[in-house]
1. Could you say which residue among LYS123, LYS91 is part of a helix (DSSP H, G or I) and not hydroxyl-bearing (Ser, Thr, Tyr)?
2. Got a number for residues in the range 34-88 being touching a residue at least 60 places away in the same chain (Cβ under 8 Å), open to solvent by 50 Å² or more (accessible area, probe 1.4 Å) and in a loop (DSSP other than H, G, I, E, B)?
3. Conditions first: (1) within 18 Å of PHE155 (Cα to Cα); (2) in a strand (DSSP E or B). ILE213 passes all but one, so which condition is the exception?
4. I'd like the full set of residues that are part of a helix (DSSP H, G or I), open to solvent by less than 20 Å² (accessible area, probe 1.4 Å) and not hydrophobic (A, V, I, L, M, F, W, C), limited to the range 94-120.
5. Name the residues in the range 222-231 that are outside any loop (DSSP other than H, G, I, E, B) and over 18 Å from LEU111 (Cα atoms), would you?
6. I need the full set of residues from the range 162-206 which are within 16 Å of SER146 (Cα to Cα), at pLDDT below 95 and part of a loop (DSSP other than H, G, I, E, B), in order please.
7. Within the set of pairs 6+ apart or on separate chains, which have a first residue in the range 149-173 that is touching a residue at least 12 places away in the same chain (Cβ under 8 Å), a second that is open to solvent by less than 70 Å² (accessible area, probe 1.4 Å) and among the polar types (S, T, N, Q), and C-beta atoms under 8 Å apart?
8. Being in contact with a helix residue (DSSP H, G or I) (Cβ under 9 Å, 6 or more places away or on another chain) and open to solvent by 20 Å² or more (accessible area, probe 1.4 Å) is true for just one of SER138, SER156, SER125. Which residue is that?
Amino acid sequence: MKYLMWDVDGTLILTGGAGKDAMINVIKDYYFLDAFDFTTSLAGRTDSDIIKGVVTRLRGCCSTAEAAGLLIRYHMELPKQLPLHQGRVLKNVEKTLQYFHRPESKYMNCLLTGNTRTGAQLKLSYFGLDKYFSFDHSVFGEISESRQELARIAFSRLFLENNQSFTPDKMIFIGDTPNDVACANAIGARCLIVRDGSFHKEEDFAEVKPWKIIDCLPDDPAELEKMLDEE
């Protein structure tokens with residue numbers, strides 16, 4: 001078995017800013033702010049890193065308990081925001097997930113995302129995609145602030161599950177940002193960049209060197225499987 005480690009936002013779906021607005025509303029409400037906005041990009045970052053960065057900016061420090069409390073509030077606000085935004089599933093995503101979800105597939109759809117487990121499930125279930133993933137083989141953003149650390153944790157779990165005969169070439173990361181590539185590079189795995197939902201240009205990936213960059217997922221998922229089978 002090989003494992004496809006999918007990113008969520010910008011790779012599978014676009015929420016139209018629902019996640020960002022949910023976080024903004026929670027932060028404004030919790031800290032009694034009239035206005036708030038993020039000063040840096042959220043792309044490719046973990047939710048725990050985003051929350052801790054915001055709280056540190058506002059208060060000078062952030063405890064784990066405070067971050068956890070804000071994430072609970074975020075999970076309550078996100079379902080309210082998703083219907084208010086014009087989000088969508090990106091091109092050929094669902095047919096690709098269906099293809100690799102077949103019982104005879106030699107690939108398993110998993111998630112390696114900066115979203116928390118609850119956040120990822122809320123977003124994917126809203127778009128009807130959650131049923132295609134093994135959440136038990138996935139790794140989420142509340143586990144660590146570092147995407148690279150998430151990759152190491154994912155590899156360690158699969159290494160132990162496969163009786164220590166597991167190697168990084170059996171994991172293929174699929175994302176849309178340089179952070180996704182850096183995540184794969186942390187364990188020596190391949191990373192496929194799909195630019196359909198990305199705002200990054202090809203030159204933005206020059207330093208991290210992804211395995212391949214494509215404009216969007218192929219119309220025929222068998223073409224993607226053939227590409228992934230390349231060593």
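1. Residue meeting the stated conditions: LYS123.
2. Residues flagged as touching a residue at least 60 places away in the same chain (Cβ under 8 Å), open to solvent by 50 Å² or more (accessible area, probe 1.4 Å) and in a loop (DSSP other than H, G, I, E, B) within the range 34-88 amount to 2.
3. (1)
4. Within the range 94-120, THR96, GLY119 qualify.
5. The initial filter retains those residues of the range 222-231 that are outside any loop (DSSP other than H, G, I, E, B), namely 222-228.
Those that are outside any loop (DSSP other than H, G, I, E, B) and over 18 Å from LEU111 (Cα atoms): ALA222, GLU223, LYS226, MET227.
6. Selection gives THR177 alone.
7. LEU150/THR46; LEU150/SER144; ILE153/SER144; ALA154/SER138
8. Details: SER138 fails: open to solvent by 20 Å² or more (accessible area, probe 1.4 Å); SER156 fails: in contact with a helix residue (DSSP H, G or I) (Cβ under 9 Å, 6 or more places away or on another chain).
Of SER138, SER156, SER125, the one residue that is in contact with a helix residue (DSSP H, G or I) (Cβ under 9 Å, 6 or more places away or on another chain) and open to solvent by 20 Å² or more (accessible area, probe 1.4 Å) is SER125.
The values are calculated or read from the model by the stated rules, or taken from the named source; none is laboratory data. No experiment lies behind these values; they were computed from the predicted model shown. Using ideal geometry, Cβ is built from the backbone for each residue, glycine included, and neighbour counts are taken over all protein chains shown. With ligands, DNA and RNA removed, areas are computed over all heavy atoms of the protein, side chains included. Shrake-Rupley method; radii C 1.70, N 1.55, O 1.52, S 1.80 Å.
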